[in-house]
Number of protein chains: 2
Amino acid sequence: MSLAHALLTSLLEQPSSGYDLARRFDKSIGHFWQATHQQIYRELGRMEKAGWIRSEPDPEAGRTRKRTYLVLPAGREELMRWAAEAAPLTELRDEFLVRLRADAVIGPLDMVPELARRRALHAEKLRAYHAIEARDFAPEAEPTRQRRIHHLILKAGIQYEQGWIVWYDEALQVLGKD
Amino acid sequence: MSLAHALLTSLLEQPSSGYDLARRFDKSIGHFWQATHQQIYRELGRMEKAGWIRSEPDPEAGRTRKRTYLVLPAGREELMRWAAEAAPLTELRDEFLVRLRADAVIGPLDMVPELARRRALHAEKLRAYHAIEARDFAPEAEPTRQRRIHHLILKAGIQYEQGWIVWYDEALQVLGKD
DNA sequence: TCCAACTATGCAACCAGTTGCAAAACTGTA
DNA sequence: TACAGTTTTGCAACTGGTTGCATAGTTGGA
């Protein structure tokens, strides 16, 4: 049940409404744990029922239905318990590699344009990560522990995208010969 | 619906029973597209109903229920159609990074032993991939197109594991200071 | 001969993630 | 004022992956 814990983390960083949470999520934790707004609303409902969070009408909401969610002590404890658990390794799970293996047995199907497209998408993501890095993690005298960890997490994304770019370059070489 | 196509690929490489398929899967396509035996049996049933594969009692089965599955022309065509489609990028989705971010907001929880454990598991996987590489892709004069692609796919796994090892080394440095 | 382990298949229930749709209020503009 | 677009929330149905369990035959050893 990772999504609940991802939401607890995000709400501890900053209490907010489901909608704001969903948008903030896309730009932070969403880089390595994606969720749709549907999932988020459903999960917030469950978490409130479980007593991990509570909600109140947003003070600036006027007559809208907007509600702000806050983490309760029980939620905080649950998050600590969970964070200290051992987690299974995240295995590589890539549908495109299945397609490539299909091509190996029934091909050639000319995967080159698709390889190039995918390489470009990875390069685009990498560029976006580098932009975040330049903006949020400029070299400075004394970064906090939290900032050091956030930077580290971002670097996982950078490493991941760079790895794919290297690999796609090799793939283009191998499959470009057909 | 990737699993069906992964199974079609595997059955084209070699017709076999659900059980054998499941075991072979673990050692080939399973490296980048995991599936339990339950999923595989269910999917084989669907594919047979869809006319993509057919089955016959295994000739060497004796009185067991063992059945061999074979890809039909419709299955082959479906696989070609699917393999040529554009696939969405596989995004990084790593529960441990969520835990790390949780640690950043409520910690420190001493993630060092878990970091070390995970690094070791990645190193173990990398070692296994290198063993496969040495066994199946020894440098030779004229590798077939299929072998070149299989090697390329394996290299994606190698790249992936190496990337994580580099990252965990850095993570141990950053979190080791606490 | 009996039992444990392995081969081989499958049902049922559940959980998480996805998709399509829509309600209800607000905001800006033609 | 009417309409399009955005904010905010949510229902319902579906798909795919997970877990626990069951069945039935085979094999090898105590």
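The values are calculated or read from the model by the stated rules, or taken from the named source; none is laboratory data. Model, not experiment: these values are computed from the prediction. For neighbour counting, all protein chains shown are included, and Cβ atoms are generated from backbone atoms with ideal geometry for every residue, glycine included. Side chains included, ligands, DNA and RNA excluded: accessible areas come from the protein's heavy atoms. Shrake-Rupley method; radii C 1.70, N 1.55, O 1.52, S 1.80 Å.
Number of residues in segment B:100-121 that are facing chain A (nearest Cβ under 7 Å) and open to solvent by less than 10 Å² (accessible area, probe 1.4 Å) equals 4. Counting residues in segment A:34-57 that are within 29 Å of A:GLU124 (Cβ to Cβ), away from DNA strand D (no atom under 11 Å from the Cβ), of a type outside the set (D, E, K, R) and within 14 Å of chain B (Cβ to nearest Cβ) gives one or more. The residues in segment B:3-21 that are in contact with an Asp or Glu (Cβ under 8 Å, 6 or more places away or on another chain) and open to solvent by 10 Å² or more (accessible area, probe 1.4 Å) can be counted, and the count is 1. Filtered by the rule that a residue be over 26 Å from the mean Cα position of the chain (by Cα) and not charged (D, E, K, R), segment A:101-144 gives A:ALA102, A:ALA104, A:VAL105, A:ILE106, A:GLY107, A:PRO108, A:LEU109, A:MET111, A:VAL112, A:PRO113, A:ALA141.
Residues in segment A:137-146: is at least one touching a residue at least 12 places away in the same chain (Cβ under 8 Å), in a helix (DSSP H, G or I) and not assigned by TED's automatic domain parsing to the domain that holds A:ILE29? No - not one qualifying residue is present in segment A:137-146.
If you go through segment B:27-52 and keep only what is within 12 Å of DNA strand C (Cβ to nearest atom) and within 22 Å of the chain's Cα centre (by Cα), you end up with B:THR36, B:HIS37, B:GLN38, B:GLN39, B:ILE40, B:TYR41, B:ARG42, B:GLU43, B:LEU44, B:GLY45, B:ARG46, B:MET47. I'd like to know if segment B:154-171 contains one or more residues that are open to solvent by less than 20 Å² (accessible area, probe 1.4 Å) and either among the acidic types (Asp, Glu) or in a loop (DSSP other than H, G, I, E, B) (or both). There is at least one residue in segment B:154-171 that is open to solvent by less than 20 Å² (accessible area, probe 1.4 Å) and either among the acidic types (Asp, Glu) or in a loop (DSSP other than H, G, I, E, B) (or both). Under the condition of being away from chain A (no Cβ under 12 Å) and closer than 18 Å to B:LEU12 by Cβ, the residues counted in segment B:65-89 number 6. Among the candidates A:LEU21, A:LEU44, A:LEU8, A:LEU12, the residue that is hydrophobic (A, V, I, L, M, F, W, C) and either in the same structural domain as A:HIS130 (by TED's automatic domain parsing) or farther than 23 Å from A:GLU85 by Cα (or both) is uniquely A:LEU21. Checking each residue in segment B:64-99 for being open to solvent by 40 Å² or more (accessible area, probe 1.4 Å) and basic (Lys, Arg) picks out B:ARG65, B:LYS66, B:ARG67, B:ARG76, B:ARG81, B:ARG93.
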